[in-house]
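Bear in mind that the values in this text are calculations on the coordinates, not laboratory data. Only a predicted model underlies this, so the values are computations on that prediction, with no experimental measurement involved. Positions of Cβ are backbone-derived with ideal geometry, glycine not excepted, and every protein chain shown enters the neighbour counts.
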Amino acid sequence: MIHPDTELRFISPEVGFGVFATKPIPRGTVVWVLCRLDKVMSVAEVDALPPAYQPIIERYAYVDSHGDYVLCWDIGRNVNHSCDPTLMGVGHDFEMAVRDIQPGEEITCEYGGLNLSGRLKCYCGSPQCRGSVSGDDVLHHWQAWDARVADSLKYAPQVVQPILGYARNPNQFWAWVHGTEQLPSNREYHAGGTSIADDVSSRPWALRGRLAGGE
Ligand SMILES: [Zn+2]
């Protein structure tokens, strides 16, 4: 479930669509949650789908820390990657604004923690752009990402949280915010994504890959 103050916009033929803020979204706001309408599928379930479904899974699903595929039911599936994203993951089921997001600004997240099976070229254009994104980026950057999440988590109680009620376990988020439970590290998102199977796709950002077989 994506925050209501967002909309889908066409960016370019190369990039496709992206998600943009329609109103200011302050730092600390949860902008996406894994909700009960999002579909979570095991590898076996995905493999059992008819071939016609596979391109949809390849393009729109991501792989979570358990190795399962997650397909968002709403425009959450259109959120693009940036190496300087507006959102970062808090635990496995929440994405939070890590800076103030202005109306018209693109909502982006970090694909490096989403277990990509290949290396994607990145055209995010940020000064911090790594040039490409792969499933093992999280192993190199988890400390910086953890720090970034921790810096923004303290703003969460001070802002309106319109979508937490849709989360599968909203209390989990507040336990991390209030420090009654230890927030898991980004490193724990890693489920075997690699950069071995180089992806020569010309599509920047949009493709989310599958786990390499047997990993
Ligand atoms: Zn980039």
Over the Cα atoms of the chain the radius of gyration and the largest Cα-Cα distance (Dmax), both in Å, equal 16.1, 47
For the pair E181 and D100, the simple spin-label estimate (label points 7 Å beyond Cα toward Cβ) gives in nm 3.2 nm
Of the residues G67, W32, V43, the Cα lying farthest along the dipole of region 1-80 towards its positive end, which is defined by charges on the beta carbon of Lys, Arg, Asp and Glu, belongs to W32
Relative contact order as a percentage, region 1-118, C-alpha pairs under 8 Å and 6+ apart, gives 34 percent
Over the chain, the sum of -39500 (n - 2.57) across DSSP H runs of at least four, divided by residue number and rounded to 500 deg cm²/dmol, gives at 222 nm -5000 deg cm²/dmol
Taking a label point 7 Å from the Cα of A144 along Cα-to-Cβ, the residues of region 50-67 whose backbone nitrogen sits under 13 Å from it are none
With +1 at each Lys and Arg Cβ and -1 at each Asp and Glu Cβ, the charge dipole magnitude of the chain around its Cα centre, to the nearest 20 debye, comes out at 280 debye
Taking the dipole of the chain about the Cα centre (Lys, Arg +1; Asp, Glu -1; charges at Cβ), the one of N169, V90, Q128 that reaches farthest to the positive side is Q128
